[in-house]
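I have placed the structure first, in the form of structure tokens, so that the comments after it can refer back to it.
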Amino acid sequence: MMSVTMTIVSLFYLVSAICYVIGLHMMRTPKSARNGNRLSAVGMFLAVIMTFVVAIEKSEASLIGWILLVVALVIGVGYGAAKARTVKMTDMPQLVSLFNAVGGGAAAAIGAFDYLSQPNGKMLSLAFSIPVILDLIIGSVTFSGSLIATGKLAGKISGKPISFPGAKLLNGLVVLVIIGAIAMTVGFATSVSTLLIAIIASLVFGILMTIPIGGADMPVVVSLLNAFTGLAVAMAGFVIDNQVLIIAGALVGAAGTILTLQMAAAMNRSVANIIAGGFGTGDSGA
Amino acid sequence: MSQQLFTNLAIFVLSLLVGFEVISKIPATLHTPMMSGANAIHGVVVVGSILIALEAQTPLFYVIAFIAVLLGAINVAGGYVVTDRMLTMFSKPKTPKNSEKGGDDK
């Protein structure tokens with residue numbers, strides 16, 4: 001049986017999930033879009049408040065833990081909101097990409113935290129190993145990939161497709177390392193080196209995936225990475241067994257995919273063409 | 001497969017289906033705000049960050065949890081505020097009754 005507090009918290013989590021779905025739905029039309037976003041924000045506020053209720057109810061945290069939590073929250077909210085409020089309208093796409101990057105980073109950090117919480121040398125159950133490695137990989141790929149996208153949109157990295165000799169070979173190698181890291185996580189006991197290899201290879205892959213893509217195609221890539229982050233967050237939800245993360249993450253993963261397809265279609269391109277274009281066929285737009 | 005895992009998996013799959021269905025064709029002008037709005041929703045990751053932060057007991061875990069909360073908080077707060085600002089473009093002052101549809105996109 002759930003305790004009374006947990007029952008109430010779960011019900012409010014459900015309400016916040018409903019807010020995201022209806023909010024996203026309202027964002028399809030210009031008239032209701034702003035209210036849709038606000039409804040979704042209300043749902044998010046509820047979820048955060050409820051999480052604090054859980055935290056206080058469990059109250060197993062140390063004083064340092066609480067202090068660090070509050071400090072990180074205050075700095076993060078302050079920085080994010082200040083940046084969002086002051087940015088020029090024309091600079092918004094790169095800011096969204098930056099927010100996407102940090103979201104992926106947070107999901108990967110949750111994965112790393114729970115992986116390291118396991119005793120070293122323990123065999124993981126499939127129910128844990130699969131979501132945790134996917135969380136780490138997808139989160140790290142979106143983190144570095146979105147940072148590159150931010151740099152390209154901001155003009156800090158050349159908007160031209162950047163390619164170099166041996167790029168394909170390097171890509172292939174990195175993918176092999178990532179597959180190896182998945183196999184190590186699923187089939188073997190936990191080790192810090194597996195974790196580090198998975199993170200580093202994924203960070204490199206995120207860079208390699210984004211850097212050859214031209215600036216004109218960047219919005220589609222940001223949208224694709226946005227959908228990736230959604231999936232990483234859903235995987236983090238499996239890892240820590242939290243359903244609001246699973247619901248919101250899967251929602252964004254799926255909605256983001258549809259949006260990516262529509263954005264590519266609006267540019268008369270296909271997503272595969274844009275990503276593959278980056279990998280050396282050399283026909284990236286403009 | 002445990003009961004809990006099955007429940008989570010069912011929720012995951014159904015949420016994916018809802019995500020596919022909830023957006024139908026949208027006007028091109030709303031692509032960026034929609035992306036930004038979805039970006040803010042995955043800021044829910046901050047909930048997970050808060051939960052792990054309270055389990056941390058050693059310096060290494062304090063550092064990881066601090067990073068997780070910091071990044072998640074930037075995502076969620078910045079995401080909603082920037083989306084709201086983008087959408088101010090769409091909240092027009094009251095116009096006289098307009099019976100024609102589709103006057104919104106260019």
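What accessible area per residue, rounded to a whole number of Å², is obtained for chain A using a probe radius of 1.4 Å?
42 Å²
Here the protein assembly as shown is assigned +1 on the Cβ of each Lys and Arg and -1 on the Cβ of each Asp and Glu. Its dipole about the Cα centre then comes out at about 1200 debye. Size descriptor for region A:55-171, Kirkwood hydrodynamic radius: 17.3 Å (Cα pairs only, one decimal). Converting the Cα gyration tensor eigenvalues of region B:44-92 into ellipsoid dimensions via √(5λ) gives semi-axes, longest first, of 32, 8, 4 Å. Dividing the summed -39500 (n - 2.57) terms of all DSSP H runs of n ≥ 4 by the residue count of the protein assembly as shown sets its mean residue ellipticity at 222 nm at -26000 deg cm²/dmol. Accessible area buried by the pairing of B and A, both sides summed with a 1.4 Å probe, works out to roughly 7700 Å². The equivalent ellipsoid of region A:90-281 has semi-axes of 29, 19, 13 Å, largest first, where each one is the square root of 5 times an eigenvalue of the Cα gyration tensor.
Against the criterion of solvent-accessible heavy-atom surface with a 1.4 angstrom probe, A:209, A:184 sort, most first, into A:184, A:209. Of the residues making up region A:34-80, those losing 50 Å² or more of accessible area when the isolated chain is joined by the remaining protein chains, with a 1.4 Å probe, are A:34, A:37, A:44, A:51, A:68, A:69, A:72. A dipole drawn for the protein assembly as shown from +1 and -1 charges on Cβ atoms has a positive end, and of B:66, A:206, A:42 the residue lying farthest that way is A:42.
Pairs to check: A:31/A:156; A:31/A:88; A:122/A:152. Give those whose C-alpha atoms are more than 30 Å from each other in this structure. From the list (A:31/A:156; A:31/A:88; A:122/A:152), the Cα-Cα distance tops 30 Å for A:31/A:156; A:122/A:152.
With all protein chains present, how much of the accessible area of region B:44-92 (probe radius 1.4 Å) comes from carbon and sulfur, to the nearest whole percent? Kindly include the intermediate steps, with their values, before the conclusion.
Values: 1130 of 1490 Å².
Answer for region B:44-92 is 76 percent, counting heavy atoms of protein chains only.
Rolled with a 1.4 Å probe across the full set of protein chains, the surface gives residue B:32 an accessible area near 50 Å². Within the accessible area of chain A, the carbon and sulfur atoms contribute 74%, probe 1.4 Å, all protein chains present. Of the whole protein surface, residue A:57 contributes about 90 Å² of accessible area at a 1.4 Å probe radius.
With all protein chains present and a 1.4 Å probe, how do A:88, A:31, A:122 order by accessible area, largest first?
A:31, A:88, A:122
Stokes-Einstein, applied to the Kirkwood radius of the protein assembly as shown over Cα pairs at a viscosity of 1.002 mPa s and 20 °C, places its translational diffusion at 102 µm² s⁻¹.
When all protein chains stay in place and ligands, DNA and RNA are ignored, the 1.4 Å accessible-area order of A:142, A:90, largest first, is A:90, A:142. Measuring how big region A:12-107 is from its alpha-carbon positions, Rg and Dmax come out at 16.0, 47 Å.
In the context of the full set of protein chains, residues of region B:44-92 present 30 Å² of accessible surface per residue (probe radius 1.4 Å, heavy atoms only). The solvent-accessible area of residue B:84, taken with every protein chain present and a 1.4 Å probe, is close to 30 Å².
The values are calculated or read from the model by the stated rules, or taken from the named source; none is laboratory data. No experiment lies behind these values; they were computed from the predicted model shown. Neighbour counts run over all protein chains shown; Cβ positions are idealised from the backbone, glycine included. Surface areas here come from the heavy atoms of the whole protein model, side chains and all, with no ligands, DNA or RNA. Shrake-Rupley method; radii C 1.70, N 1.55, O 1.52, S 1.80 Å.
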